[in-house]
Amino acid sequence: MAASQQAQHGKVRHPPGLYLLFFTEMWERFSYYGMRALLTLYLTTALIGGGLGFEKSTALSIYGFFTGAVYFTPLAGGYLSDRFIGRRRAITIGGLLMALGNFVLFAITNKTGLYLGLALLIIGNGFFKPNISTLVGELYPNNASRKDAAFTIFYMGINIGAFFAPLVCGYLAEDLFKTSVDGVDHFGFRYGFLAAAVGMLIGQAIYNGLGNRYLGDIGKAAAGAVSPTSSPSRSEAARAPLTKKEKQRTAVIVIITCFVIFFWAGFEQAGSSLTLYADKFVNKSLFGWEVPTSWFQSLNPLFIVILAPILSSFWVKLAATKRGDLSIPVKMSFGMILLGIGYMVLLIAVMQTGSDENNVVVQSNILFIVVTYFLHTLGELFLSPVGLSMVSKLAPAKLASLLMGVWLASSGVANIVGGYLAAFTQSLGYFEVFGLIGLLAIVMGLILLLLSGKLVRMME
């Protein structure tokens, strides 16, 4: 159907390349979140139980460093892709490195295997993550009204993978390969890591097998490269300094990136302090069956799969109204406030249970943590896919992957900060740390809301 005919019927289809990238990202996130769901438990479980026996504060710091570093390397990966490698090739390099990293965690079950496996995952993510998000943006004209909706659909792929990953990898590690010898439970963490490696390889097979058909030449050439064979117009564009408007838009990306650090520092407690709190202080019994702790990390992606189509449709309908869509800074400010409200809900549970893991007298109702994850998810949908869309709209073409790396680096800073905050739960207590995170998220969200008008003018 021609574009004009589609417009007459009020429906514009997304390009098929979006769905190829959707499934590629889905399997990559299956790999990442499957490993992440097990990492804290793997680090803190005693050697005799199949883990590495780290102290909890040390394990939480390692977790924070890892989940932070995977968001710093996209700066280097984005630069190399823009200048030399090209986005399509970088995605393949990153995917294979991450598959190898998970396989190392499966094959070498000691601290050497841990550090080598995590290093490969960190480097691989640097090549993969900024480039696949940038490719999504390149499927659409600049400032296309459907770009926010497209990134929300793409975000569903991320979270379908993230939903199934803890279920599959957690089941393999905590149920299928769990054994009991002399009254001691032995967990099969390594088989969960193997499943994560297989998931990554499936995603790469799909991407490389269908890429030429559905993506054409998008992302094959390095956007900022200048070579003797480059056309004069392309060479001039690569060398030309940024215009005043490009500098303003780049500044907006950097400013908003600084704000969302506060969001991700709270959000990424899901794999660290929230996991430990759920393990000890939440009544996980449902109809006589105990929910595996790692399964709680499937709540966030489950809610995203449910809510993303609703919000995607809402953004499109809102954009078609006379008043128009909410601005990007306003959406993000609401996301930060929702995260803070989620922690306020959880504080009610902490007031009941306390923070003493050696003397758990009362466990909280499972609904408290379910509602917390729901509010965090809603906040994420107001912030994360909108941020990906923002970078693809505002970034100069020759810096697109690099600035996507800057955006992702906010999660890197946040995860490292979040790791330290999670470690403090072992000394200060859950109430103090959760309360601090929630309050900061709400305050920073309100400040961003006040600045939204100025930022919108800089974006225009």
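The values are calculated or read from the model by the stated rules, or taken from the named source; none is laboratory data. Bear in mind the structure is a predicted one, so any value in this text is a computation, not a measurement. No Cβ is skipped: glycine too gets one built from the backbone with ideal geometry, and neighbour counts run over all protein chains shown. Just so you know, the surface numbers come from the protein's heavy atoms only, side chains and all, with ligands and any DNA or RNA stripped out. Shrake-Rupley method; radii C 1.70, N 1.55, O 1.52, S 1.80 Å.
Summary table
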quantity	calculated
In the range 326-382, residue farthest from V260 (Cα to Cα) [restricted to those that are polar (S, T, N, Q) and in contact with a helix residue (DSSP H, G or I) (Cβ under 7 Å, 6 or more places away or on another chain)]	Q363
Out of Y430, Y343, Y420, sole residue that is open to solvent by 10 Å² or more (accessible area, probe 1.4 Å), touching a residue at least 60 places away in the same chain (Cβ under 8 Å) and not small (G, A, S)	Y420
Restricting the range 114-134 to residues that are aliphatic (A, V, I, L, M) and either at positive phi or open to solvent by less than 20 Å² (accessible area, probe 1.4 Å) (or both), the residue that is modelled with the lowest pLDDT	I132
Lone qualifier among A107, A162 - being buried (at least 18 other Cβ atoms within 10 Å of the Cβ) and either within 26 Å of D279 (Cα to Cα) or among the aliphatic types (A, V, I, L, M) (or both)	A162
Within the range 279-324, tally of residues that are farther than 19 Å from F164 by Cα, open to solvent by less than 10 Å² (accessible area, probe 1.4 Å) and either of a type in the set (G, A, S) or touching a Leu at 6+ places or on another chain (Cβ under 9 Å) (or both)	1
Listing of helices (runs of 4 or more DSSP H) fully contained in the range 363-460 that carry 3 or more residues being in contact with a Lys or Arg (Cβ under 7 Å, 6 or more places away or on another chain)	366-394
Qualifying position, being at pLDDT below 85, of a type in the set (A, V, I, L, M, F, W, C), within 20 Å of Y79 (Cα to Cα) and open to solvent by 10 Å² or more (accessible area, probe 1.4 Å), among V254, V226, V184	V226
Tally, over the range 44-68, of residues that are open to solvent by less than 10 Å² (accessible area, probe 1.4 Å), touching a residue at least 24 places away in the same chain (Cβ under 8 Å) and assigned to a helix (DSSP H, G or I)	7
Residue count for the range 199-224, restricted to those that are aromatic (F, W, Y) and either out of contact with any helix residue (DSSP H, G or I) (no Cβ under 7 Å at 6 or more places or on another chain) or more than 13 Å from R89 (Cβ to Cβ) (or both)	1
Pick from the range 259-278, criterion more than 26 Å from G354 (Cβ to Cβ) and aliphatic (A, V, I, L, M), ranking: most open to solvent (accessible area, probe 1.4 Å)	I261
